[in-house]
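Visitor: Here it is, the structure, as structure tokens.
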Amino acid sequence: MEIDHFWHILKTEPGYRSPLKRRFLVEKFPCWATFIYYAQLLNIILIESLTARKGTYGRRPWARGSLGVVKIAESAGGRFHVSGLKTLSGHKGPLVFVANHMSLLDTLVLPCILLALNRVTFVVKEGLLRYPVLGTIVKSIHPIAVTRQNPRKDLKLVLNQGKTLISQGCSIIIFPQATRSAVFDAASFNSLGVKLARRAGVSVVPVALKTDFQGNGRIIKDMGAVDPRKKLYIKFGEPINVEGSGQVTHQQVVRFITENLTAWGAKVNPNPNIL
């Protein structure tokens, strides 16, 4: 499946579901799933990094590389369930996508989906820019890089740079969590994405992600074990206009993520202040 075919599916179908294929080795030997996943992932990251070094890493190359990661996950037994894009198909202009953050897969697979709609970039931690090989790719997508050491400075950076990018027609993906976690802690999920959308005058789209198919490692957080028994869910909500202070909008975003993660069997620590 090539990127144009994938984008056609996203634009014309209710969603995307991985084809049903028996993967004998990954079903019989779970360790094989982890091995084959990372062997292929490291290879594609190296190839994409070389492309980025040439200065030609635009929308389509990025989308093709991201789709390659989807295929890698599927080859290791992963089954994707992508839904909710129909509510975005008629929207014109940039958006702020606000999502929970479970694993490295979030940043690797979202681009091939959202680039079907518009230009997009991420709010990332500054340390990613210094990663060997992967850092070259991250730099090439011109993200908003925050330190996570000075919240006030980070807030100002995201609001100012985010507003500029949005005014240029670029959507922003933001994970308002301190760190990746398989458990969604609603109380610590901040409202930075809503603040950015309010400042830029655009709508917010809540995104619920269940990507613990790839776990977070104990020694190297980006390289946890792969569990092919866990399905991958990605669901987009309807665009929400930010009104007033944005508090109600933030509650709507948290509620959307909480309800979907709960329905998928993920662990959630709900916020008692959001019913």
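Just so you know, all these numbers are worked out from the coordinates, no wet-lab data involved. This is a predicted model, so every value here is computed, not measured. Glycine gets a Cβ as well: all are built from the backbone with ideal geometry, and neighbour counts include every protein chain shown.
Visitor: P(r) for the chain: what percent of alpha-carbon pairs falls in each 10 Å bin, starting at zero?
Guide: Per 10 Å bin, starting at 0, the Cα pair percentages come out as 7, 30, 39, 21, 4, 0.
Visitor: Nearest 5 percent is fine: what portion of the DSSP beta bridges confined to segment 132-275 is antiparallel?
Guide: Working: 6 of 9 bridges.
About 65 percent, rounded to the nearest 5.
Visitor: Gain in length, Arg218 to Lys71, computed as 0.36 nm per residue apart minus the alpha-carbon separation, to one decimal in nm? Before the final figure, lay out each step's value.
Guide: Numbers: separation 147, 0.36 × 147 = 52.92 nm, distance 2.56 nm.
Stretched out fully, the Arg218 to Lys71 stretch lengthens by 50.4 nm.
Visitor: Using only alpha carbon pairs under 8 Å that are at least six residues apart, calculate the relative contact order of the chain and give it in whole percent. Don't skip to the end; give the middle numbers.
Guide: Working: 489 pairs, mean separation 64.1, N = 275.
Relative CO of the chain lands at 23 percent.
Visitor: For the chain, give the share of DSSP beta bridges that are antiparallel, in percent and rounded to the nearest 5; count only bridges with both residues there. Display every interim value, and only then the final one.
Guide: Working: 9 of 29 bridges.
Beta bridges within the chain, antiparallel portion: roughly 30 percent.
Visitor: While we're on this one: Using alpha carbons only, how many degrees (0 to 90, rounded to 10) separate the axis of helix 105-114 from the longest principal axis of the chain?
Guide: 70 degrees
Visitor: Between Ile44, Ile234, Ile173, find the one with the highest GNM mean-square fluctuation for the chain; connect C-alpha pairs within less than 10 Å.
Guide: Comparing Ile44, Ile234, Ile173 in the GNM, the peak value goes to Ile44.
Visitor: Here's something else I'd like to know. Determine which lysines satisfy two conditions relative to Lys86: a Cα distance under 20 Å, and not lying fewer than 8 residues away in the same chain.
Guide: Lys11, Lys210, Lys235
Visitor: Moving on to the next point. Between Ser245 and Glu27, what is the spin-label point distance in nm, taking each point 7 Å from the Cα along the Cα→C-beta axis?
Guide: That separation, rounded to one decimal, is 5.4 nm.
Visitor: Roughly how tilted is helix 247-263, in degrees to the nearest 10 and between 0 and 90, from the longest Cα axis of the chain?
Guide: 20 degrees
Visitor: At 0.36 nm per residue, minus the direct Cα-Cα distance, what do Lys267 and Arg130 gain on full extension? Give it in nm, one decimal, please.
Guide: Working: separation 137, 0.36 × 137 = 49.32 nm, distance 3.18 nm.
Stretched out fully, the Lys267 to Arg130 stretch lengthens by 46.1 nm.
Visitor: Continuing with the same structure: Need the list of aspartates and glutamates near Lys139 for cross-linking: C-alpha distance under 19 angstrom, and skip anything on the same chain fewer than eight residues off.
Guide: Here the aspartates and glutamates satisfying the reach criterion relative to Lys139 are Glu48, Asp106, Glu126, Asp154, Asp222.
Visitor: Can you show me the helix-derived [θ] at 222 nm for the chain, built from DSSP H runs with n ≥ 4 at -39,500 (n - 2.57) apiece and divided by the number of residues, rounded to the nearest 500.
Guide: Working: 9 runs with 116 residues, N = 275.
Value at 222 nm, helices only: -13500 deg cm²/dmol.
Visitor: Another one. Which angle between 0 and 90 degrees, to the nearest 10, do you get for helix 59-75 versus the longest principal axis of the chain when only C-alpha atoms count?
Guide: 50 degrees
Visitor: Setting aside same-chain residues fewer than 8 positions from Lys28, which lysines have a Cα under 23 Å from its Cα?
Guide: Within reach: Lys71, Lys230, Lys231.
Visitor: If you don't mind, there's one more thing I want to ask. Quick one: Arg255, Arg198, fewest Cβ neighbours within 10 Å first, how do they rank?
Guide: Fewest-to-most ranking of Arg255, Arg198: Arg255, Arg198.
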